[in-house]
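For reference, the structure discussed in these notes is given below.
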Amino acid sequence: MRYLIKKACMMLFTLLVVSLCVFLAFSLIPGDPALRQLGTNGTPEQLEALRQQMGLKDPLPVRYGRWLLGLLRGDLGTSYVYKIPVGSMLAEKIPITLSLALISFVFMVLISVPLGIYTAKHKDGVLDHIVMVLNQVIMAVPPFFAGILITLVFGMILHLFTPGGFISYKKSVPGFIGYLIAPAFAVALPKAAMAVKLLRGSVIDEAAKDYTRTAYSRGNTTNGVLYRHVLQNALIPVITFLGMALADMVAGSIVIEQVFGIPGISRILLTSINNRDYPVVEAIIMGIAFLVIFINLLVDVIYRIVDPRIASGDE
Amino acid sequence: MKKSKTLRLNFIKKHRNAFFRTGLIITGLVVFLVLLGLVWSPYDPTAMNGEEKLSGISLRHIMGTDNMGRDVFSRVLYGSRVTLLIATGTILIGSFVGTLIGALTGYFGGLADDILMRIMDALFAFPSILLALVFVSLFGTGTWQVMVSLGIAFVPSYSRIVRGEFLRCRDMDYVRSARLQGASDLRIIFLHILPNVKNVLISAILIGFNNAVLAEAGLSYLGIGSQPPHASLGKMLSDAQQYMLSSPVYVLGPGLMIILMVLGFSFLGEGVRE
């Protein structure tokens, strides 16, 4: 418990550092947001008034404090371009991107865990060799190209889904999830290939250790040893990978959304980058940073549940 | 004498290794095509031809033509040059800065190490394509900007790897004896420890290459990177996607080229590790 509080404090501190970096980076780059918002045909007086109104005349620490307090209160600022609160711009998009990332994650686990265990168990078998070669090829396919091929084969030739026919979760939840299956597959495939490789290697390593032999000598069956002894240890390095993969999948979802025409945060992020609409970009970065750091905390906690050695080590 | 013999033995062993050989062949082919594109391409990559829009594969256009009648093969040659250039720049920046940070923090330790590594950890946890997007939004879009952005995004992974190796090596006997002989810290870092980290670094660089190619392709697919009319593999794919019903072969050229590049580097990396 004490450890958890310590970790949570570290997490808050890291977030604070990230927020400071993000704020400084976007405040120090050349360019006057007020000038950009007003365009070239504003008078100097208007420009001055707008700077005052946007709070650009205050010193940096004051502006940082105001921005941070706003974030804590859930006020993400106002878009330079659309002049509406960033929160309301993102509110409808976040569930879409998160759902895509989560479904991809579920796919990855469902594909990689059975396949990883099977190939390790039947090492050097026919399927093992096929999977190993396939793995290497799949890892080389960029997810968006996989997405394009999936659209071509399953959407346009086999008509299993309608490319571009996104259904909002407000209209129909099953339809929404149904449309996300193909894109989630594209996000999950390369990560699943990596996970299979990692899990296979990990199981094979653990199976060669002394405790496995001991477990056998006590009369355990192959499956008994595998599931009750080997797997518990073999899963530990895989958990770190799964945690990082979940964070990567949020990023992967952003690219895949463009392929399948899903109205998640991807389009807003890209147009905001092109328009230099910094409040929006800042908000999205902070959101993802929070997510990434939170996932790391979660991985830490799961670690201690799976591997009691870690918990007893530092207390 | 003895050293050169073991080196040669290693070299032969690597050649016997199937992964390394396949990787060498594929990467060789890619590099050959890129070099070929420098001196010769069947057509001008930006020349449009209204008569031959979205034509399929033919002897005149071995990868077909795009929606403006431009020769896809010529554009793939040009685009892969840009991709390879950006990937090389990314790795150079990432591994150089990363090695420097990793070597100094790993060797000296202390408060600077603690602070820098906290930052590196936070950056490392961030997906690299997103990190690159953040830097692109700061620097603007374009070939050089993308190279620098991706380069920065790749620094944390190298600094972590190199720091780990330096931590492992800094109290080894050969380092101690160098220190006793009065070698300066910088001399120990760059002339004594760094050569021993070389193998780990080479494998990381090869793996980094395929990540860099994938990241560049992703960014240019999103429309960030070299701007039209110049060809980039990712941008070609996003164009091709719109004409997929009328001309499905258009997606294959640039897509296969990306896969070949990544596959070549990942096989090489795999081979070196074994």
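The values are calculated or read from the model by the stated rules, or taken from the named source; none is laboratory data. This one's a predicted model, so the numbers in the text were calculated from it and none came from an experiment. Positions of Cβ are generated from backbone atoms using ideal geometry, with glycine treated the same way; all protein chains shown enter the neighbour counts. What goes into the accessible areas is simple: the full protein's heavy atoms, side chains included, and nothing from ligands, DNA or RNA. Shrake-Rupley method; radii C 1.70, N 1.55, O 1.52, S 1.80 Å.
Overview of results
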read-out	value
Theoretical ellipticity at 222 nm over chain A - DSSP helices of four or more residues, -39500 (n - 2.57) apiece, nearest 500	-25000 deg cm²/dmol
Chain-alone versus full-assembly comparison, segment B:238-270, residues with accessible loss of at least 30 Å² (1.4 Å probe)	B:241, B:244, B:245, B:251, B:259, B:263, B:270
Surface share of carbon and sulfur [accessible, 1.4 angstrom probe, percent] for segment A:106-175	76
Cα shape, the protein assembly as shown, gyration tensor, a/c 1.5 rule	rounded
Helix-derived mean residue ellipticity, 222 nm - over chain B, DSSP H n ≥ 4, -39500 (n - 2.57), to 500	-25000 deg cm²/dmol
Surface share of carbon and sulfur [accessible, 1.4 angstrom probe, percent] for segment B:2-272	66
Average beta carbon contacts from partner chains per residue of B:127-139, 10 Å cutoff	6
At least 30 Å² accessible surface lost relative to isolated chain, residues of segment A:139-154 (1.4 Å probe)	A:140, A:142, A:144, A:145, A:148, A:152
Karplus-derived HN-Hα couplings along segment A:72-81 (A = 6.51, B = -1.76, C = 1.60, θ = phi - 60°), whole Hz, x at Gly and Pro	5, 7, x, 9, 8, x, 10, 5, 5, 7
16 Å reach of a label modelled at residue B:273, 7 Å along Cα-to-Cβ, counting backbone N of segment B:182-223	B:199-212
Solvent-accessible area buried by A and B, counting both chains, probe 1.4 angstrom, square angstrom	3300
Two-site FRET efficiency, residue A:130 against residue A:98, from Cβ-Cβ distance with R₀ of 56 Å, rounded to 0.05	0.95
Across A:6/A:191; A:6/A:93; A:121/A:209; A:57/A:83, pairs whose alpha-carbon gap is larger than 25 Å	A:6/A:191; A:6/A:93
Charge context of residue A:92, other residues only, Cβ under 14 angstrom, K/R +1, D/E -1	+3
Computed magnitude of the charge dipole of the protein assembly as shown (debye, nearest 20; Cβ of K, R +1, Cβ of D, E -1)	1460
The protein assembly as shown, accessible area per residue, ligands and nucleic acids excluded (1.4 Å, Å²)	49
Relative contact order computed over segment B:196-274 (Cα-Cα under 8 Å; 6+ residues apart), in percent	39
Model label zone, residue B:21; criterion: amide N under 14 Å from point 7 Å along Cα-to-beta-carbon; scope segment B:260-274	B:271
1.4 Å probe, heavy atoms, protein only - residues of segment A:232-271 losing at least 40 Å² accessible area vs chain alone	A:244, A:251, A:255, A:270
Net lengthening on full extension, residue A:62/residue A:75 (0.36 nm per residue, minus Cα-Cα)	3.0 nm
Estimated FRET transfer efficiency when R0 is 41 angstrom, pair residue A:240-residue A:220 (beta carbons, to 0.05)	0.90
Rough spin-label spacing in nm, given labels placed 7 Å along Cα→Cβ, for residue B:100 and residue A:46	4.6
Computed label-point distance, nm, for sites residue A:91 and residue B:111 using a 7 Å Cα→Cβ extension	4.6
Spacing of the two label points (7 Å from each Cα toward its C-beta) at residue A:213 and residue A:5, in nm	4.7
Carbon and sulfur %, accessible surface of segment A:2-85 computed with the full protein complex present, 1.4 Å	67
Relative contact order, percent, chain B [alpha-carbon distance under 8 Å, six or more residues apart]	29
Reachable aspartates and glutamates, given that their alpha-carbon falls under 16 Å from the alpha-carbon of residue B:235 and they are not under 8 places away in the same chain	A:257, B:66, B:71, B:216
Phi to ³J(HN,Hα) by Karplus 6.51 cos²θ - 1.76 cosθ + 1.60 over segment B:211-220, Hz, x for Gly, Pro	5, 5, 4, 4, 5, 5, 4, x, 5, 6
Interchain or long-range residues, amide H under 5 Å from residue A:78's placed H	A:86
